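Encoded as structure tokens, the structure appears first; notes follow it.
The values are calculated or read from the model by the stated rules, or taken from the named source; none is laboratory data. Since this is a predicted model, take the numbers as computed values, not measurements. Cβ: placed from backbone, ideal geometry, glycine included. Neighbour counts: every protein chain shown. Calculation scope for accessible area: heavy atoms of the full protein, side chains included, ligands and nucleic acids excluded. Shrake-Rupley method; radii C 1.70, N 1.55, O 1.52, S 1.80 Å.
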Amino acid sequence: MRKSLFIISFLLLSSCKTSAILHPYTKAPETHTSTWVASTEDTAALTAIEITDELFLPACDIDNSLGDLFDIALHNNPSTKSTWSEARAAAAAYGENLSSYLPTIDFDAQFNTNREGYIFNNPNGESSFLMNNQIQYGPIVTLSYLLYDSGERKSKAAKYFWALQKSNFLHNENVQSVMKTVADNYYTYISDEAQYNADLEDLKDAEESYKAASDKYKAGILAITDMLQAKTNYLQKKVNLTNQKNIKENSYAALITTLSIPSSHSLHLTGFPKEILPCPFKEDFPYLFKIAKKCRGEYLAAKANVLSAEKDLAMAKAEVFPKLALTANGGEYWYQDGYQDEGNYNIQLDFTIPLFAGYYFRNQIKNKKALLADAKASLFETELTVVEQIRIAMNDLTSSKEKIKDTKSYLEAAEIEYSAMFKRYKHGIVTILDLLSSQAFLADARAQHITAQKEYYTSIISLSFATGVLSTQNTEPSYEK
């Protein structure tokens with residue numbers, strides 16, 4: 001009893017888990033309304049975990065293009081690292097499964113010593129005791145190989161192969177998803193920055209109008225109401241500029257987060273091109289969908305999933321057929337006093353025919369058929385999604401092309417109108433309302449032209465993503481001749 005108590009006390013005193021053993025509730029929140037405060041002991045292992053990957057940071061002293069941002073994001077983004085690791089794990093699982101095509105060979109070295117006593121009766125009726133000591137040692141080599149299984153092994157290997165392809169295609173899809181997010185955030189930011197600069201120009205125009213109205217009021221030419229209207233317009237533009245600055249900074253934060261770089265890092269970006277870049281796509285839906293069926297990662301992954309489910313079903317069906325396996329082993333044993341058995345071996349063929357397993361095989365086949373039907377339904381749903389995305393991106397692209405032309409003409413006309421209206425106002429030909437109206441048209445034209453540019457470039461990115469050709473090497477599809 002004393003010995004048992006000593007052992008228990010020693011374990012409790014020597015263990016760092018004493019409190020958890022005696023009072024386990026101390027390792028959880030005290031009440032359902034309180035929060036858990038971890039001790040240093042509890043979090044020691046957590047603090048030892050650190051992210052060791054080196055971040056790829058953009059250059060601060062040059063303008064970073066969209067292609068530069070793609071490289072930065074794909075290097076830093078944890079999402080693509082995760083899908084890449086999953087694809088590598090699937091590749092290793094496929095290689096692991098292929099090992100069933102090769103025999104299994106095991107080497108076993110044994111050493112066995114045995115001491116056993118015997119009591120036996122002598123012919124004279126007396127009992128005698130005999131102690132027997134036996135030593136046995138030697139190597140054994142065992143070979144196992146599946147000779148025939150009605151295609152179960154082949155189907156299983158094919159299942160893992162298509163599971164690997166599914167992981168590969170999903171990684172491709174994820175890479176393009178990251179690129180699309182980067183592009184969307186990039187164009188959002190530069191459009192917000194362009195709108196900020198446009199609001200700055202609107203504020204300058206409003207300031208000039210306010211100054212002109214103030215000069216006329218001081219000269220007694222206009223009533224105070226004209227000056228107050230111009231002042232109100234000026235203050236409104238000032239508020240708009242403040243709001244737009246906040247929007248721009250928030251979109252910058254979203255872009256930085258997408259790139260997985262520190263928010264303190266300064267980033268210089270190129271704005272919209274001075275000349276609108278040509279569209280790399282011809283607006284031909286059948287052709288674009290044909291490209292998508294060859295390149296779109298999500299669609300190809302759904303197809304691979306169907307093939308994997310088909311092989312899974314074939315594997316289940318093959319389990320009900322006979323199997324033939326070979327097992328062979330051989331070795332040699334040495335015993336005490338120099339004896340040996342001069343080698344021994346055993347060869348065994350196992351022929352197995354499943355007769356009854358409680359309806360396991362039948363229900364397993366039903367299960368695999370249902371999973372195959374589900375995979376086919378998912379493929380059809382994915383195809384509908386791809387079709388929808390291509391259609392929407394095409395419609396957006398067509399619309400944005402027209403909007404760019406129209407808003408450019410609108411902007412040019414608004415600039416001419418405002419310039420003429422301002423001169424006419426200074427000469428007293430038009431009222432302050434006419435001037436403010438032309439300013440409003442100019443501000444609207446600037447905003448609409450910026451929005452049209454953003455929609456044009458994002459629609460190209462969306463169409464590239466929908467067809468699966470978005471790439472860091474080349475974002476333009478290669479048209480077949």
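If packing is taken as the average count of other Cβ atoms within 10 Å, what order do 308-317, 259-268, 240-249 fall into, highest mean first?
My ranking of the peptides, most packed first, is 308-317, 240-249, 259-268.
Tell me, what is a quarter of the convex hull surface for the C-alpha atoms of the range 151-216, in nm² with one decimal?
Here the figure is 4.8 nm², rounded to one decimal.
Would you work out the Kirkwood radius for the chain? I mean one over the mean of 1/r across all pairs of different Cα atoms, in Å.
Details: mean 1/r = 0.0317 Å⁻¹.
Kirkwood hydrodynamic radius for the chain: 31.5 Å.
Against the globular-protein guess of 2.2 N^0.38 Å, express the Cα radius of gyration of the range 354-481 as a ratio, rounded to two decimals.
Working: Rg = 28.7 Å, N = 128, 2.2 N^0.38 = 13.9 Å.
Cα Rg divided by the expected 2.2 N^0.38 Å: 2.06.
Express the Stokes-Einstein translational diffusion coefficient of the range 380-437 in µm² s⁻¹, to the nearest whole number, given a Kirkwood radius over alpha-carbon pairs, 25 °C and a viscosity of 0.890 mPa s. Present the calculation step by step, with values, prior to reporting the outcome.
Values: Rh = 14.7 Å.
D = 167 µm²/s.
In whole percent, how big is the carbon plus sulfur part of the accessible area of the chain, probe 1.4 Å, protein atoms only? Provide the component values of the computation, followed by the final result.
Details: 16960 of 29730 Å².
Whole-percent figure for carbon plus sulfur exposure: 57.
Taking only Cα atoms, what is the 0 to 90° angle, nearest 10, from helix 2-14's long axis to the longest principal axis of the chain?
30
Using modelled backbone amide H atoms (1.01 Å from N, in-plane), which distant-in-sequence or interchain residues come within less than 5 Å of V430's amide H?
Y425
Taking H placed 1.01 Å from N in the peptide plane, check which residues at least 5 places from N64 or on another chain put their amide H under 5 Å from its amide H.
Result for N64 returns H268, L269, T270.
Helix 66-76 versus the longest principal axis of the chain: what angle, 0 to 90°, nearest 10, using Cα atoms?
30
Between D444 and T270, what FRET efficiency comes out of the Förster formula 1/(1 + (r/R0)^6) with R0 = 25 Å and r the beta carbon distance, rounded to 0.05?
Numbers: r = 26 Å, r/R0 = 1.03.
Efficiency computed from Cβ-Cβ geometry: 0.45.
Give me the angle, in degrees from 0 to 90, between the Cα long axis of helix 360-426 and the longest principal axis of the Cα atoms of the chain, rounded to the nearest 10.
It works out to around 20 degrees.
As a quick test, which of the pairs K154/K293; K293/K317; K159/K294; K204/K245; K204/K403; K204/K274 have an alpha carbon distance above 19 angstrom in this structure?
Values: K154/K293 28 Å; K293/K317 31 Å; K159/K294 21 Å; K204/K245 16 Å; K204/K403 26 Å; K204/K274 23 Å.
Flagged as over cut-off: K154/K293; K293/K317; K159/K294; K204/K403; K204/K274.
Pairs of alpha-carbon atoms within less than 8 angstrom and 6+ residues apart define the contacts here; what relative contact order does the range 306-405 have, in percent? Working shown, then result.
Numbers: 74 pairs, mean separation 30.8, N = 100.
For the range 306-405, the relative contact order is 31 percent.
Using a 10 Å cut-off on Cβ atoms, rank the peptides 421-429, 112-120 from the highest mean neighbour count down. Intermediate values should be presented prior to the final figure.
Working: 421-429: 14.6, 112-120: 8.9.
Averaged packing, sorted descending, gives the order 421-429, 112-120.
So what is the accessible area of the range 203-285 per residue, in Å², with the probe set to 1.4 Å? Provide the component values of the computation, followed by the final result.
Values: 4930 Å² over 83 residues.
I get 59 Å² per residue for the range 203-285.
Just going by the charge dipole of the chain, with Lys and Arg at +1 and Asp and Glu at -1 on Cβ, which of Q134, S471, C295 is farthest out on the positive end?
It is C295.
Can you divide the C-alpha Rg of the range 74-227 by 2.2 N^0.38 Å and report the result to two decimal places?
Values: Rg = 43.1 Å, N = 154, 2.2 N^0.38 = 14.9 Å.
Dividing the Cα Rg of the range 74-227 by 2.2 N^0.38 Å gives 2.89.
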